[in-house]
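Taking it in order: structure first as structure tokens, then the write-up.
The values are calculated or read from the model by the stated rules, or taken from the named source; none is laboratory data. All of these numbers come straight from a predicted model, not from anything done at the bench. Cβ sites come from the backbone with ideal geometry, for glycine too, and all protein chains shown count toward neighbours. Ligands, DNA and RNA are stripped out before the accessible areas are found, and what is left, the full protein with its side chains, is counted by its heavy atoms. Shrake-Rupley method; radii C 1.70, N 1.55, O 1.52, S 1.80 Å.
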Amino acid sequence: MKLISVHLLITGRVQGVGFRESMRLVAQALDVTGWVRNLSDGSVESLLQGDEAAVDRLVAWCHNGPPGANVRFVDAKLIETSETYIAFSRLPDA
């Protein structure tokens, strides 16, 4: 099992449609940790940590999101971080 960290920036109609809560539930089901939050420009930002296959599945989910979302673009970047997350959290808006 290879653990990775991925930073995401998701644009489109992704606020006001339950994106963060849906993403939190999918992340929990996949055993992916990290966080998600709304940004002031209308996008959603997230950091994912977990098994490479599980993180890849969550990134793939983000390309559609929950019903009502209209995802325009997902910018996913593999990153290195010294932080380790033990759960997946919804952070306050940035």
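The largest-to-smallest principal axis extents of the Cα set in segment 8-49 are 29, 17, 12 Å. Only protein heavy atoms count here; on that basis, with a 1.4 Å probe, ASP56 has an accessible area of about 80 Å². Of all DSSP bridge pairs formed entirely within segment 20-94, close to 65 percent run antiparallel.
Over the chain, dividing the summed -39,500 (n - 2.57) contributions of all DSSP H runs of at least 4 residues by the number of residues returns a 222 nm mean residue ellipticity of -7500 deg cm²/dmol. Using a simple spin-label model with pseudo-atoms 7 Å out from Cα toward Cβ, ALA87 and ALA29 lie 2.0 nm apart.
Solvent exposure of segment 17-81 amounts to 51 Å² per residue of accessible area, where only protein heavy atoms count and the probe is 1.4 Å.
What a 1.4 Å probe finds exposed on segment 41-94 is 50% carbon and sulfur by accessible area, rounded to a whole percent. Solvent-accessible surface of protein heavy atoms, probed at 1.4 angstrom with all chains present, puts GLU83, GLU21 in the order GLU83, GLU21, largest first. Counting only the Cα atoms, the chain fills a convex hull of 86 Å³ per residue. The gain in end-to-end length when the LYS77 to ARG13 segment is fully stretched comes to 21.0 nm, 0.36 nm per residue minus the alpha carbon separation.
Using a probe of 1.4 Å, the accessible surface attributed to VAL26 totals some 40 Å² when neighbouring protein chains are kept in position.
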